Structures are given as structure tokens and as C-alpha cells.
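Colleague: Provided herewith is a single structure, encoded as C-alpha cells, for subsequent inquiry.
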Amino acid sequence: MSSALLLVALLGIGTPAHAEPRVPADPAEVLERLPRRAGDPAERELARLRAAVSAQPDDLDAALAYAQAEIARGRADADPRRYGYAQAALRPWWQDPPPEVRVLRATLAQNRHDFEAALADLDAVLAQAPRNAQARLSKAVIEMVRGEPDRAADSCAALVRSVDRRAALPCSAAAAALAGRAPEAVRVLAALLERPQALDPALAAWSATVLAEAAAQLDLPQTEAYFGQALALAPGDAYLLGAWTDWLLERGRAGEVVGLLATRTAVDALLLRLALAERRLGLPAAGAHAALLEARFAEAEAEAEAGGERLHDALRARWLLATGGDPAQALALAERNWERQREPADARILLAAAQAAARPAAARPALDWMQRTGIQDVRLSALAAALPERRS
Amino acid sequence: MNALLRTALLLIALLPAASLPAHAHKPSDAYLTLSGAGYAALRWDIALRDIDYALGLDANDDGAIDWGELRARAGDLRAWAAARLEVRAASDAVCTLAAPAGGPELAVEQHSDGGYAVLNYAIVCPGGVAVQRLDYRLLFDLDPTHRGLLRLVGAGGAQGSVVLSAAHALYELPAAPPGALAALVEYWREGVWHIWAGFDHILFLTALLLPAVLRREHGRWHATGRFRDAFVEVAGIVTAFTLAHSLTLALAALGFVNPPSRLVESAIAATVVIAALNNLYPLVPTRRWTLAFALGLIHGFGFAGVLGDLGLPQTALLPALAGFNLGVETGQLVIVCAFLPLAWGLRTTSLYRRAILAGGSVAVVAIASVWLLQRSLNLDFGLGL
């Protein structure tokens with residue numbers, strides 16, 4: 001494709017307004033705080049792995065170790081730069097990847113929401129090695145994100161026959177929670193987590209996150225305790241904090257949200273929750289954070305217009321709905337997001353947007369999905385019940 | 001433990017990655033703006049996080065980058081960046097990134113996702129020619145998902161944005177947007193050409209002008225006695241026609257009205273028929289400038305249609321419009337200058353009144369009637385008219 005095809009007339013749309021460049025007077029003026037924390041052992045370990053790759057760029061084991069560490073760090077911080085660093089380390093094998101690299105290539109594709117490319121890589125690996133646990137697990141997770149819990153359950157079941165079967169149980173429980181068997185998922189995971197120290201730490205953290213979300217679906221009294229357990233196992237995890245602060249916001253506990261997220265403004269999804277909480281409390285910082293969030297949306301939109309990916313649709317829809325923005329625009333964003341991913345949170349946004357836009361028919365895809373999967377979720381049920389009856 | 005098993009174990013750390021709601025930080029982007037004559041001024045905003053990852057800025061290792069740390073590395077930074085943007089002229093000669101003509105070499109700015117270094121360069125191509133193509137490769141060795149968002153800013157404002165990525169690192173600059181003067185000259189030429197190539201406008205004007213060297217008394221044509229009277233008559237008609245078509249041309253070209261082109265073309269043919277018929281059966285024998293004005297309104301829409309086909313440069317809309325209109329007037333003036341002395345010389349002859357005025361008008365009515373039928377009914381008589 002010629003680069004001329006990428007020429008996009010922006011003409012002011014989405015070109016973010018910047019302050020004028022300036023030359024600071026004070027050499028001590030801090031311009032940027034780096035995400036790494038001084039003396040952080042995980043950061044030192046990353047630096048060590050990176051140095052090993054720099055020393056021997058053709059060493060597959062070194063590259064895999066570094067790439068995996070960067071991806072894990074990128075996930076916890078929701079920082080896409082980390083995925084780029086991982087990809088750079090895998091460059092010698094990127095075009096013609098051995099299975100280990102191919103699984104990572106799928107993970108990176110999944111992280112930029114290119115689920116087709118990810119599944120193609122995973123299926124290719126599984127065709128060669130049906131017992132590859134990571135490929136099977138990644139495939140199950142993508143199927144869950146795409147709102148296909150039955151397929152995910154099949155993939156999870158296949159994990160039992162894999163090289164590493166430890167993920168089979170939490171995987172099946174996660175699929176069950178989306179397929180109308182949330183009580184069963186809670187029972188299995190709660191039992192599994194009675195001795196979390198016996199589990200792989202990452203597996204324990206994931207299981208606890210799924211447990212807390214399943215409990216929230218059922219509005220169980222233990223929900224808060226489960227979130228607490230998950231936060232203890234995965235402190236600072238961006239996804240988990242998003243789910244937890246949503247739960248707090250629904251219960252009017254905006255003050256706690258501000259306390260949890262005040263330092264997490266680098267993550268757009270968490271900045272959204274922070275801005276919503278501050279807005280609700282009428283805090284002075286609300287305006288600045290709302291402006292920052294909207295600037296991020298504008299820059300993301302400018303990128304998408306120029307050919308980048310659209311990863312902000314769900315966030316923008318939520319923000320519009322919460323701040324009294326144009327409901328028709330929110331609905332369009334929610335619909336486009338629903339085309340790509342279908343988790344309960346995506347269904348919530350679509351239902352809320354359809355109601356706000358007074359277009360109950362637009363909620364149909366989410367209602368059909370709820371019916372098809374049989375998901376039990378008090379929040380989804382409440383939103384569905386609030387929709388006006390459609391004339392048929 | 002074999003490699004496959006180890007991969008499986010470690011990757012469990014990645015599990016809920018997919019379910020992360022939207023994303024998070026912005027990915028790594030740099031912003032490039034090319035502006036000025038020949039796009040020779042480059043402003044390049046690079047995230048401090050990216051510079052730190054590539055060059056290591058945090059000298060005192062306190063997790064923060066301050067202005068002192070950045071400024072100390074200004075030379076390294078400028079050389080590092082400049083080595084990762086290859087700029088060439090049309091001749092393929094390599095251009096250099098030099099110190100900027102104005103403004104600081106290094107400044108800072110805050111984008112929504114953090115602090116950025118702002119590097120200013122002057123792009124110097126051998127022989128002072130314009131920039132033609134870019135090969136962008138900042139950070140691709142360290143982060144293949146990095147992108148450069150390139151903006152071109154011409155005389156009339158932003159031209160558009162281009163994403164430079166590892167897969168699309170090469171970029172050919174479009175021809176420099178026309179400046180106001182260039183647009184004026186180019187569209188002036190188009191205007192002249194259109195009047196001469198557009199036979200209907202010539203016939204219309206000629207039909208209106210034919211009786212200008214005569215005056216109508218008692219139902220008959222007489223030669224005008226004084227040249228001044230003929231001149232005033234011609235000037236009045238031409239001025240009225242010009243004012244009228246300029247008005248509708250501007251209204252249509254700027255998008256205020258947009259009549260369908262087939263209707264306009266048919267109506268123009270009708271105006272030619274009317275103008276010529278008025279010579280044979282004068283309904284408006286005197287003050288024919290009013291006729292020129294009323295019918296000229298329709299011709300303006302025709303000019304606008306031509307201009308629409310040419311495409312107006314959005315960066316130089318008004319100069320182009322003015323140039324085109326001036327071109328139309330120029331073409332028209334040339335016709336008048338050729339016509340007036342000839343008609344003045346012949347006005348007393350019966351050849352002029354019989355053959356030229358009467359015969360010419362009949363011929364014009366005939367030709368324009370064919371046009372009218374063709375254009376209104378969408379027919380082709382194969383007459384080549």
C-alpha cells in the first residue's frame with residue numbers, strides 16, 4: 001500500500017491543542033516521571049533481561065524471557081510501549097516464528113485487539129502442538145472476550161490434556177461464569193483460593209480476579225472480600241483496579257476510588273474512573289482530569305483517523321453517558337465496541353447507551369447475547385429491565 | 001524443563017490481558033511538523049519516556065527527568081534523532097538536518113500523555129531545492145510499534161496528517177500547495193481559456209454587442225454618430241454582464257447555491273437565443289445592459305460549474321476564485337477590443353445591418369436553439385456543436 005493512501009485530511013479535527021513549546025529556566029524542573037520506581041526489584045530484573053538480549057540478540061531463550069517479562073509488565077501497567085519492546089526483542093524470529101515466539105506474537109496481537117491475527121497464530125501453533133497449554137489458554141481467553149463462553153469452555157476442557165494443566169480449572173470457571181453458571185464458578189474458585197500460596201502467583205491473581213467478578217455478577221455479600229483478596233494477590237493491577245473501582249462507584253463510594261486512583265492517571269481506563277469519582281464528589285481536580293481525559297481521547301481519535309487502532313470506543317461511550325454528552329454518539333461508539341469485544345462490561349455500555357439514546361432496538365444484540373449465553377449478572381439484568389418495552 | 005513448558009508457565013502471568021478494557025496509555029508516538037517554504041522547517045516532538053529508553057536520560061537515577069538532565073544531552077539527542085530521519089530532495093540528494101533558522105534547538109512541551117522534547121531543525125537540501133521524501137526510522141529498532149505522526153503545514157494551514165510506521169516508513173511529500181499568487185495566475189489562465197473555448201459565452205456577448213454601434217429609431221436601425229455613445233453602450237453591457245456573472249460565480253463557487261448543471265447549461269443556451277432574438281425583434285431596444293445583467297446571472301453559474309470541475313484549492317480559495325474571474329474578464333475584454341473597431345468601421349454599411357446584424361443573429365438563434373434542445377433533452381444531433 002502506498003503511503004499516500006495513508007494521507008488523511010485531518011484539517012483541525014482531532015489535532016490536539018498543545019501548549020506552546022517552551023525552554024524551562026530552572027534545570028531542576030521535573031519534566032517527566034518515569035514509570036519505574038527507584039530500587040524496584042522487578043525493574044532491575046527487567047533491566048538485567050534487557051541487557052542479556054542486547055548482549056546476544058540471537059539468543060532465543062534470552063529474547064523469550066525478556067519479551068515475556070515486558071508483556072507481563074505492560075499488562076499490569078496497561079502500557080502498550082512494553083509490548084513494543086517485547087516485539088523488538090523477538091524481531092529475529094518475528095516473520096518465521098517458532099511456536100514459543102508465535103504464541104507471544106498472538107498475545108501481542110490480542111493486546112492490540114487484533115483477535116483474528118491472534119487466533120490465526122494460536123490455531124497454527126495448536127495444529128502443530130495440540131498440547132501447548134499457553135496457546136490453548138490464550139485462545140480460551142480470546143473466546144471469552146469475544147463473548148463465546150461455550151467455545152471457551154471447550155478450549156479450557158482441552159487444557160486438561162495439555163502439557164501444563166494447572167490453568168484448566170480457573171479457565172473453566174471463568175468460562176462458566178460467563179455462561180450462566182456463575183454460582184458454580186464462585187464455588188470452584190473460592191475452594192481453589194483457600195490456599196492461594198499453593199498456586200502459581202499469576203494463576204492465583206487471575207483466579208481471584210475472576211472470582212471477584214463472578215461474585216459481583218451475583219451480587220454476593222462476599223464480593224468485597226473477594227476483591228480484597230484479588231488486590232492482595234495483584235496489587236496495582238490495572239484491570240483489577242478498573243473492575244473494583246466500578247463496583248465502588250456503583251455503590252456511591254467515590255471517595256475510595258479517588259484514594260485508589262489518584263496516582264494512576266497514566267492509564268486512560270483508570271483516569272476515566274478517577275474523573276467520574278471526582279466529578280461526583282465535586283472535587284477541584286475534577287475539571288483538570290476531565291480535560292486530560294478528553295485530550296487523550298482527542299489524540300487517540302486523531303491517531304485512529306490517521307490509520308491507527310480504535311481502542312477507546314468503550315471508554316469514550318462511558319464518558320459521554322456519564323457527563324451528559326451526545327447519547328447518539330455514545331451509542332455509535334458502544335455499537336462499534338460491541339462489534340469487537342463482548343464482555344459483560346461491553347454489554348453494560350451498549351445497554352446504557354441504547355437507553356440514553358432512546359433507541360431500545362439498538363440494545364438487541366446485547367440482549368440476544370445475554371439470552372444465548374444465559375449469563376447471570378445483576379447489573380446487566382437491571383439495565384435490561386430498565387429498557388422500555390419495544391413495540392413489536 | 002523444556003522450552004515449551006517454560007513458556008507455558010511464564011505466560012500464565014499474561015492471562016487476563018485480553019480482557020483489559022480498552023487501553024491504557026497511549027502507545028509511543030512522535031509528532032513531526034513540516035512547514036515553511038519547501039517544507040524546510042521541521043519540528044519534532046519526541047516523548048521523554050522514549051528518549052530515556054533509547055538514550056538513558058535519568059542521570060541521577062531518581063526516576064524523574066529534569067530539564068538539566070535533558071539539556072545536558074541536547075547534542076546527543078539531536079544527532080540521534082537526525083540520524084533516524086533520512087530526508088531527500090527530488091534529485092535523490094540527501095538533505096541535512098541543521099540548526100533551525102529561528103526558535104530554540106531544544107524545547108519541551110506537555111502532551112496529554114506526558115512530557116516531550118521539542119527538536120527544531122532546518123532541512124537543508126543541496127542547491128536549496130525542496131524536500132521530496134522522508135524515510136522515518138526513529139525507535140523502530142527498540143519499539144516496532146512506535147509511530148511518527150507527520151503533519152504538513154502549508155501557506156494556507158494544515159494540509160493533513162500521515163502515520164509513519166515500521167511498515168510505512170517512506171513518505172513522498174505532495175507537491176507544495178500553491179501559494180496565493182500561483183493560484184491566482186493558474187486560475188486566471190483557466191478563466192481566459194474557458195471564455196475562448198466556451199463558444200456559448202462568445203456568441204452571447206457578440207449578440208449583445210452587435211447593435212451597440214447602432215441606435216433604434218422608428219423601428220429601424222441607424223448608425224451611431226458619435227464613437228463615445230457606442231463606447232458607453234459597449235462598456236455598460238460588458239460591465240453589467242461582468243457584475244452579474246461575478247456575483248453568481250462567487251455564490252456558487254463558495255457553496256451558497258448549487259443549481260443542477262444540466263439546467264444551467266440549458267438556460268445558458270436559452271440566454272443566447274434570447275439575446276440574438278432581441279436583435280431581430282427588439283423587446284429591449286434600449287438600456288440593453290439590463291438584459292446583459294439579467295442573463296449574465298445565469299452565465300455565472302456556468303463558470304462556477306467549470307471551476308467546480310477544476311477543483312478549487314482549499315488553501316487558496318479566494319485567490320483562485322479571483323484569478324478565474326479576472327481571466328474571464330480578460331478573455332472578454334480581448335473579444336470586445338477586437339469587435340468594437342471592426343463594428344465601428346462597418347456600422348454605416350448595409351452589409352453590417354443586413355448580413356451581420358440580421359443574418360448573424362439568425363445564425364446565432366439557430367445554433368443556440370440546437371444547443372438548447374441538446375442540453376435540455378440530452379440529445380446529440382451529431383453536429384459537433
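Colleague: How would A:312, B:146 line up by accessible area, probe 1.4 Å, largest first?
Modeller: Heavy-atom accessible area, descending, gives A:312, B:146.
Colleague: Could you sort the peptides A:26-33, B:327-334 by per-residue average Cβ neighbour count (10 Å cutoff), highest mean leading?
Modeller: Listed from highest to lowest mean packing, they are B:327-334, A:26-33.
Colleague: Report the accessible area of residue A:267, computed with a 1.4 Å probe over the heavy atoms of all protein chains in place, in Å² rounded to the nearest 10.
Modeller: 10
Colleague: Name the shape class, rounded, prolate or oblate, that the alpha-carbon gyration tensor gives for chain A, where a ≥ b ≥ c are the square roots of its eigenvalues, rounded holds for a/c under 1.5, and otherwise prolate holds if a/b is larger than b/c and oblate otherwise.
Modeller: Judged from the Cα gyration tensor, chain A comes out rounded (a/c under 1.5).
Colleague: First select every other residue whose beta carbon is under 11 angstrom from the beta carbon of residue A:383; then total the charges, Lys and Arg +1, Asp and Glu -1.
Modeller: Local net charge: +1.
Colleague: Just tell me how shielded B:161-173 is by partners: mean number of partner chain Cβ atoms within 10 Å of each residue's Cβ, no decimals.
Modeller: Per-residue shielding by partner chains comes out at 5.
Colleague: Also, quick follow-up: Enter the accessible area of residue B:286 (Å², nearest 10), with the probe set to 1.4 Å and all protein chains included.
Modeller: 90
Colleague: May I ask you to evaluate 6.51 cos²θ - 1.76 cosθ + 1.60, the Karplus curve with θ = phi - 60°, for each residue of the range A:310-322 and list the ³J(HN,Hα) values in order in whole Hz, giving x for glycine and proline?
Modeller: Computed from phi, the couplings for the range A:310-322 are 9, 10, 10, 4, 5, 5, 5, 4, 4, 5, 4, 5, 6 Hz.
Colleague: Would you mind classifying the range A:191-300 by shape? Square roots of the alpha carbon gyration tensor eigenvalues, ordered a ≥ b ≥ c; an a/c under 1.5 is rounded, otherwise it is prolate if a/b is larger than b/c and oblate if not.
Modeller: prolate
Colleague: Hey, got the average number of other protein chain Cβ atoms within 10 angstrom for residues in A:137-147?
Modeller: Mean number of neighbouring Cβ atoms from other chains: 3.
Colleague: Let me ask something else. Using per-residue counts of other Cβ atoms within 10 Å, averaged over each peptide, order A:87-95, A:103-111 from highest down.
Modeller: A:103-111, A:87-95
Colleague: Give me the dipole magnitude in Debye, nearest 20, for the range A:94-208 about the Cα centre, with unit charges on the beta carbon: positive for Lys and Arg, negative for Asp and Glu.
Modeller: The dipole magnitude comes to about 280 debye.
Colleague: Quick check: with the 1.4 Å probe, what order do B:256, B:339 take by accessible area, largest first?
Modeller: Listed by decreasing accessible area, they come as B:256, B:339.
Colleague: Okay, next question. So what J values fall out for the range A:324-335 if you push phi through Karplus, 6.51 cos²θ - 1.76 cosθ + 1.60 with θ = phi - 60°, rounded to Hz, Gly and Pro as x?
Modeller: For the range A:324-335, the Karplus-derived couplings read x, x, 5, x, 5, 5, 4, 5, 4, 5, 5, 5 Hz, x marking Gly and Pro.
Colleague: Quick one: Cα centre-to-centre distance for the range B:180-236 and the range A:21-82, in angstrom?
Modeller: 77
Colleague: Would you mind checking which residues have amide H under 5 Å from residue A:31's amide H? H placed 1.01 Å from N; only 5 or more apart, or other chain.
Modeller: Result for residue A:31 returns B:65, B:66, B:67.
Colleague: Separate question: Sorted by accessible area (1.4 Å probe), largest first, how do A:114, B:141, A:79 line up?
Modeller: The ranking, largest first, comes out as B:141, A:114, A:79.
Colleague: Let me spell out the model: positive unit charges on the Cβ of Lys and Arg, negative unit charges on the Cβ of Asp and Glu, origin at the Cα centre of the protein assembly as shown. What dipole size does that give, in debye rounded to 20?
Modeller: For the protein assembly as shown, the charge dipole is close to 2540 debye.
Colleague: For the range B:47-68 and the range A:112-139, what is the centre-to-centre distance using only Cα atoms, to the nearest Å?
Modeller: Going from one Cα centre to the other spans 38 Å.
Colleague: Same structure, new question: When you look at the Cβ of every residue in B:112-118, what mean number of other chain Cβ atoms sits within 10 Å?
Modeller: Average neighbour count from other chains, rounded to a whole number: 6.
Colleague: For the range B:106-257, what % of the accessible area comes from carbon and sulfur atoms, probe 1.4 Å?
Modeller: 64
Colleague: Using a probe radius of 1.4 Å on protein heavy atoms only, what is the accessible area buried between chains A and B, both sides summed, to the nearest 100 Å²?
Modeller: 7500
Colleague: If you roll a 1.4 Å probe over the heavy atoms of the protein chains, what accessible area per residue do you get for the protein assembly as shown, in Å²?
Modeller: Heavy-atom SASA per residue in the protein assembly as shown reads 43 Å².
Colleague: Then there is this: With a ≥ b ≥ c the root eigenvalues of the C-alpha gyration tensor of the range A:149-246, is it rounded (a/c under 1.5), prolate (a/b larger than b/c) or oblate?
Modeller: The shape class here is oblate.
Colleague: Next up: What are the ³J(HN,Hα) couplings of the range B:207-224, residue after residue, when phi is run through the Karplus curve with 6.51, -1.76, 1.60 and θ = phi - 60°? Round to Hz, x for glycine and proline.
Modeller: Listing the rounded values in order: 4, 5, 7, 3, x, 5, 8, 10, 10, 9, 9, 6, x, 10, 8, 10, 5, 6 Hz.
The values are calculated or read from the model by the stated rules, or taken from the named source; none is laboratory data. The model shown is predicted, which means the values in this text are computed figures rather than measured ones. Note that we place each Cβ from the backbone using ideal geometry, even for glycine, and neighbour counts take in every protein chain shown. Accessible surface is based on the protein model in full, side chains and every heavy atom, while ligands, DNA and RNA are left aside. Shrake-Rupley method; radii C 1.70, N 1.55, O 1.52, S 1.80 Å.
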